[in-house]
Structure formats: structure tokens, C-alpha cells
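Written below as C-alpha cells is the structure these notes are about.
The values are calculated or read from the model by the stated rules, or taken from the named source; none is laboratory data. The structure displayed is predicted, hence computed values, not measured ones. Counting neighbours? That spans all protein chains shown, and the Cβs are built from the backbone with ideal geometry, glycine included.
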Amino acid sequence: MDAFKVIIVGGGPVGLTAAHALYKAGIKFELVERRNGFIVDEGAGLAIGPQNLRVFHQLGVLDKLLEHGTEILQNKGFTSDGRQFKGSWIFKTVSENHGSGPVAIHRTHVMKTLYNSLPHDICHCHINKNVVNIHHTEHGVEVICSDGTTIKGDMVLGADGANSRVRKIMRKLALAEDPHADWDSEEVYLCEYRSVWFSLPRTEGVAEGQLCETQDTNHSITYIQGRDRGWVFLYEKLPQPTTERVTYTEKDMIALAEKLAEYPVNEKFKVKDAFAQRVAAGMGNLQEGVAKKWSWGRIALVGDACHKFTPNAGLGFNNGVQDVVAICNGLRDMIRETPRPDTRTLTRVFHAYQANRQELMQADAMTSGNLTRMQAWHGLLFYFMARFIMAINPLQVWLLNTFSTPLVQRSLILDYVAGEEPMRGNYPWQNKMPVN
């Protein structure tokens, strides 16, 4: 009897994390990626929270990630005319609570570490595979690619991002079976903001581990100083919310950077100074939302394919990792009892996975959206919160310990990978590291 097999669609950070988690679970998989490579410099950085540093420790890649990572400890806030209105060590409190603050790492380094550390003699990862259809039966799935390649398996795991082809195919299959089904619209996410993001070389005289934010009406800037490079995000509120996909050009990118050229990035230099040093950059509308349906039949979604956050709080990738942990825990438990599950059994696992993730994911979605709107002074309430309430350091610590910390404590780990606990702080983890 053939072993249960997962087809992962999408070779970004979440898809590669899923590959590692399935490998550790002893579950066969193939991964397909539409681009012509896994390691592409798109100019972005990722922030990995302490809850997921635990997961990457389980996957055996934490030390490699930390070689180029920087723990964020300090936060500064500026107005558009360069006045500093807040300064705190709130992330140091996170570190004391959980054993580490969030760690900023270049996205390309995360991709390189995850991809290169897979055992490629038994893990099959394919590039230039653009998925165009999925054939779905009671007994399995068949993924069809634009080059004519077909890959057979027992389920599809869609990790193919906010504009997920898997999500759209899943919707089509579900509505073909039941035209009256309560399903998401084809365009799930709404955009109210757009962003330019870029990386630049390490800036002399700026200590690593700083996160600086510049706030203004309808605009904001985030600057993170890492170990060997920095990252800048320029945000602008759109004239009208939209669900339409927009492709921006280099000219568009330069135009927004020029509009904000005199805005401070920190106390030492401005946007025009940082943008002139850019190494890699990108631009896009920022999608937000949560899909109602995360699965159908033998298809399930993880990460941006089923929920999309603005990047201000750095919670998107972290929630994608938690999705992977939740679904892989469920799949491994299922296979131990039922090596060849039918569609009904898979459906139960998928529904349990979505239910398991709802509370913490929804809390992070709200945090991300609120932070974006506070930093861009989206109305009087958000302005007051950003400029005055969140600038009171003792209150900031109280809010963190009262609302955020208990949620982080409940974060998931792979319940089938034993090891020593790498993250110890003042607040214990509710899900303990398995022991041999």
C-alpha cells in the first residue's frame, strides 16, 4: 500500500516550513513552486516571534537562522517633521517574558536556510510548476501544471500566498458540487493601503535591534536595523478600498519614495537617504482579510492563502507557521490511526485545524490592522492611541502582559518532535516541548 502523500503548492517560507514539518512527521510530500527558483531577493525582511523560534528549533534550523538574525529590542516613534515622541524597550519585555524578542531576518536568508536544509535525496521540490487545475476524487488528488506535468497524491496543501490559485480552484470545485454553498467571493481580501519595501546595507552608527516608526496622516514608515542590513517599509493609504490586483512599476515605487523623501527614517537619516542605498525593493497593495473556508474535500490552505495581514506588526509569517504546526499535528495523529484516510476523515482533520487556529489568528489579524491604522493616524481615535496612549511606557507594558502575552503562551509546537526547550522566560509555555 502506497504511503499517504501531501502535495504542497507554494515554495515560499510557509510552504518550505510545511515541507520540514511533514518530513519530521514521516509524511511523504512533493512541493511545487511556480517561480524559477526558491531563493529570490525581494527586499523584504521577516520577523520571527519566540513562539516560532521554538518551532524552528524543533525543525533543526534555528541556529542557522540566528546566524543572520537580530533580536529586536528597542522601539522609537517619530513624527514626519523628525520629532521623537516615544522611545521604549517594549521588545525587551517580550524577551524577558518568553526567552527572546522577535528576531528580524532577511527573507532570502530564511528561504535559503529552509531550502538547503531539506534532505533533497528524499524530499522532492520542483520549480517552474504553475498549477492550473486540481482533479479531485474520493480516493485522491491530481495536480495539473501548465507544462503538462501531473502529480498525484492524497491531499493538496495550498501555501501559495494571498492570490492563491489553490484557493480559487477549491472554490470552483466546491460550488460545482453545491452552487448554493456559502462560500467566499473569488477575491477574498480587501486593500486599504499600499507599500514600498526595500532593504539596504547595514548603516554605520545605528545599533542593531532597533525598530523605528514614523507616523503621519495617511502615511507611515517602519525601519528595522538588522545585523548586516536594514529594512524600510513606506505605507500610504489608498484613495478608495479595492480588491483589484495592481502591478506597480519602478516609476511608481520611486514616486512614493519621493513623496516621502523628507520623512525621517530614524534620528540620523531620511527616506531619501535610505532609498538611495536600496539593494532590492518591491511595491504592492496590502491585502487584509480572513477566508471563511480553509478547506474542502482533500484540499486545505495555510498562511496567506487563508488569512492576510498588513505587515506592520510582523505577524503574517508567524501565523503561517502556526497554521503549519496545527495541520501537521492533526495529519500525523490521523495517519497513526488511519494510514489511508478517506475524504470524510480528512475533512474532520481540516475542520479541527481551522477551529484550533481561529482565536489566536483572529487576535493577530486585529492587532495587525489596528497597528497599521494607528501608525497612519486613521481618524481621531487611532491618532490619539498612537501619539499618546501607546507612548506611555508603563501602560504599553501592562497592555502587552495583559493581552498579548497570554496568547503567545498558548502558541503551538509540533507535538511529535522532542527536544530541549530553547526559549525560557518569566511566563511559561502552555504547550511544553515533548521529551524523549
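Pairing each residue of the stretch 420-436 that is part of a loop (DSSP other than H, G, I, E, B) with any residue that is loosely packed, with under 12 Cβ neighbours inside 10 Å, provided the two are 6+ apart or on different chains, yields C-beta distances under 6 Å for Pro434/Ala418; Val435/Ala418; Asn436/Ala418. Residue-level check: of (1) in contact with a strand residue (DSSP E or B) (Cβ under 6 Å, 6 or more places away or on another chain); (2) under 30 Å from Ile221 (Cβ atoms), Lys112 misses just (1). Within the stretch 51-86, the only residue that satisfies the criterion of being assigned to a loop (DSSP other than H, G, I, E, B), among the β-branched types (Val, Ile, Thr) and closer than 30 Å to Lys270 by Cβ is Ile72. Going by the structure shown, is Val196 farther than 28 Å from Gly69 by Cβ, surrounded by 20 or more Cβ atoms within 10 Å (Cβ to Cβ) and at pLDDT 95 or above? No; evaluated as a whole, the condition is false for this residue. Examine the stretch 370-382 for a residue that is small (Gly, Ala, Ser), in contact with a Leu (Cβ under 6 Å, 6 or more places away or on another chain) and without any contact (Cβ under 8 Å) to a residue 60 or more places away in the chain, and state whether such a residue exists. There is no residue in the stretch 370-382 that is small (Gly, Ala, Ser), in contact with a Leu (Cβ under 6 Å, 6 or more places away or on another chain) and without any contact (Cβ under 8 Å) to a residue 60 or more places away in the chain. Looking across the stretch 144-171, the residues that are farther than 15 Å from Gly15 by Cα, surrounded by fewer than 24 Cβ atoms within 10 Å (Cβ to Cβ) and among the hydrophobic types (A, V, I, L, M, F, W, C) come down to Ile144, Cys145, Ile151, Ile169. Within the stretch 87-110, the residues that satisfy the criterion of being in a helix (DSSP H, G or I), among the hydrophobic types (A, V, I, L, M, F, W, C) and crowded, with 23+ Cβ neighbours inside 10 Å are Val94, Val110. When the test is whether a residue is over 21 Å from Thr222 (Cβ atoms) and modelled with pLDDT of 95 or more, Ala181 does not pass it.
The strands (runs of 3 or more DSSP E) falling completely within the stretch 149-212 that include 2 or more residues that are touching a residue at least 24 places away in the same chain (Cβ under 8 Å) and within 21 Å of the chain's Cα centre (by Cα) map to 155-158, 190-201. The selection criterion, being among the polar types (S, T, N, Q), crowded, with 21+ Cβ neighbours inside 10 Å and out of contact with any Cys (no Cβ under 9 Å at 6 or more places or on another chain), holds for Gln375. Tell me yes or no: at least one residue of the stretch 28-50 is in a loop (DSSP other than H, G, I, E, B) and under 30 Å from Leu395 (Cα atoms). Yes; the residues of the stretch 28-50 include at least one that is in a loop (DSSP other than H, G, I, E, B) and under 30 Å from Leu395 (Cα atoms).
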